[in-house]
Amino acid sequence: RRLMELRELREEDWPAVREIFEQGIAGRNATFETEAPSWDAWDRSQLDGHRWVAVEGGRVVGWVAAHPVSLRPCYRGVVEHSVYVDDAWQGRGIGRVLLERLAESTEQDGIWTIQTGVFPENEASLALHEKCGFRVVGTQEKLGKLDGVWRDVVVLERRSSAIS
């Protein structure tokens, strides 16, 4: 069996990345977003050097990316991330490989905290994050509405092991 390729996300990957993101949107348990942004809008919002794709047989099957939580200098080492795996490829360890690569790239860049928010109903994502060294910080109740329904969000963070 060929090993999965893990590489930096490029503009030409966007159609596949957007399709995978749209699967998450359609499932209604991955994001408050209701439509995927344009490449330009997404590209502007995500940090260079912290965007990765998993490729199997020439096809993008998952992605991870991080964006700053704030432009204030004191938060330069804190990012929020998104990780998505194609519905047909879930449960094969792809999310874990992507999150581990993100942890490596952010640590190399002096980032000390990766955080994310996950709907409590998304048990697979919660389990994945905990396996990858994230801890639950708390739950934000009724953080936002999706399809007119208030949704809670579990906040998780991973602190760099390089920070003492």
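Worth pointing out:
- Local electrostatic count at residue 36 - Lys and Arg +1, Asp and Glu -1, tallied over other residues with Cβ under 11 Å: -3
- Stretching the chain fully between residue 3 and residue 41 yields a gain of 10.5 nm (0.36 nm per residue, less the alpha carbon separation).
- The chain, helix-only ellipticity at 222 nm - DSSP H runs n ≥ 4, -39,500 (n - 2.57), divided by all residues, nearest 500: -8500 deg cm²/dmol
- Take the Cα of residue 12, step 7 Å toward its Cβ, do the same at residue 113, and the gap between the two points is 3.9 nm.
- Surface composition of region 18-80: carbon plus sulfur atoms hold 47% of the accessible area, using a 1.4 angstrom probe and ignoring ligands, DNA and RNA.
- q = 0.15 Å⁻¹, region 12-148: log10 I(q)/I(0) [Debye, one scatterer per Cα]: -0.76
- Note that region 1-100 presents 56 Å² accessible area per residue, ligands and nucleic acids not counted, probe 1.4 Å.
- Stretch gain in nm, segment residue 143-residue 160, where the contour uses 0.36 nm per residue and the Cα spacing is subtracted: 3.4 nm
The values are calculated or read from the model by the stated rules, or taken from the named source; none is laboratory data. Note that this is a predicted model, so its numbers are computed, not measured. A quick note on method: Cβ atoms are made from the backbone with ideal geometry, for glycine too, and the neighbour counts reach across all protein chains shown. Accessible surface is based on the protein model in full, side chains and every heavy atom, while ligands, DNA and RNA are left aside. Shrake-Rupley method; radii C 1.70, N 1.55, O 1.52, S 1.80 Å.
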